[in-house]
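Colleague: Please see the structure below; I have some questions.
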Amino acid sequence: QQQQQQQSPPAAAPSIQEAAAEQQREEGNTHFKAGRLQEALRCYDASLRLAPSAPSHCNRALVLLRLNDARGAEAACRAALSLDPSYLKAKHRLGDALRRLGKLPEALSCMRTVAASFPTDAKLRAEVAALEAQLGQASKLPPQQPPQHQQPQPQQQQQQQEMVSKIVPCDACRGAASTLLSTWQQKFAHE
C-alpha cells in the first residue's frame, strides 16, 4: 500500500502591501537608530496600516516608551501579542510599560515569563528581582547556577605566591599559607 505524502503548499510570496509594510518598518528602524523618534513612529504607523504585524507593533511600543507614553506602549504590545502570543520581545516591552504605569503584579508576571526563557540573562534576572523587591516578594526564578571553578592560571599562581611571600616571612609556613589561600579562594569563589 502506498502512502500519499501530503505536501504543504509553497509559502506565498509577500503581497505588494506586505512588502511595502516591511519597507516602512525598516525605514522606521533606520529613523529609530538615528534618534528620530517621531519619524520612526510615523513609519511604524504606516507599516501597520498596510499590513499589521507583531514586529511593527512591538517597534512602535519601543518608540512610545522612549517618548514616555507607557499607556500607548502597553496598547501596542498587547496588539503585537494578539498577533503572536509567543513574541517575547513584546512581552518584555509590555512588562516595562506596565511597570511604568504602576501595574507591578502584571509587569512582574510578564518579566518572569521572559526571564524563564532566558535563565542566564543577568539583566532580565535583575529586572525581575527589582520588581519582586518593589512588591515584597521572594524570587520565584530558579537559582542561577554558579560558574564552574576554574583553576588559577600560571600568572595568577605566581601573583598568589608573591603575595604569600610578602605576608608570610617564614619559608616553612609559606606552603601552608598558599594551600590555605587556594582553599579559601575555591570556597568563596562560588558565593
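The values are calculated or read from the model by the stated rules, or taken from the named source; none is laboratory data. Note that the structure is a prediction, hence the values are computed from the model and not measured. Cβ placement follows ideal geometry from the backbone for every residue including glycine, while neighbour counts extend to all protein chains displayed. These accessible areas exclude ligands, DNA and RNA; they are computed on the full protein's heavy atoms, side chains included. Shrake-Rupley method; radii C 1.70, N 1.55, O 1.52, S 1.80 Å.
Colleague: When both residues are 6+ apart or on different chains and their Cβ atoms are under 6 Å apart, which pairs have a first residue that lies in the range 21-43 and is surrounded by fewer than 17 Cβ atoms within 10 Å (Cβ to Cβ), and a second that is assigned to a helix (DSSP H, G or I)?
Modeller: Hits for this filter: LEU37/VAL63; LEU37/ARG66; GLU39/HIS31.
Colleague: If we keep just the residues of the range 33-56 that are part of a loop (DSSP other than H, G, I, E, B) and under 18 Å from ALA20 (Cβ atoms), which is farthest from the chain's Cα centre (by Cα)?
Modeller: From the range 33-56, those part of a loop (DSSP other than H, G, I, E, B) are 34-36, 51-53; that's our starting set.
Cutting the leftovers down to under 18 Å from ALA20 (Cβ atoms) gives us 51-53.
Working: ALA51: 27, PRO52: 25, SER53: 21 Å.
Once the filter is applied, the top-ranked residue is ALA51.
Colleague: Does the range 57-72 include one or more residues that are assigned to a loop (DSSP other than H, G, I, E, B), in contact with a helix residue (DSSP H, G or I) (Cβ under 7 Å, 6 or more places away or on another chain), modelled with pLDDT of 95 or more and not polar (S, T, N, Q)?
Modeller: Taking every residue of the range 57-72 in turn, at least one turns out to be assigned to a loop (DSSP other than H, G, I, E, B), in contact with a helix residue (DSSP H, G or I) (Cβ under 7 Å, 6 or more places away or on another chain), modelled with pLDDT of 95 or more and not polar (S, T, N, Q).
Colleague: Please state which one of LEU124, LEU83, LEU88, LEU65 is at negative phi and touching a Pro at 6+ places or on another chain (Cβ under 8 Å).
Modeller: LEU83
Colleague: What tally of residues in the range 57-76 results from selecting those that are open to solvent by 20 Å² or more (accessible area, probe 1.4 Å) and closer than 22 Å to ALA20 by Cα?
Modeller: 4
Colleague: Which residues, taken from the range 77-93, are more than 19 Å from the chain's Cα centre (by Cα) and open to solvent by less than 30 Å² (accessible area, probe 1.4 Å)?
Modeller: The answer is ALA79, and nothing else.
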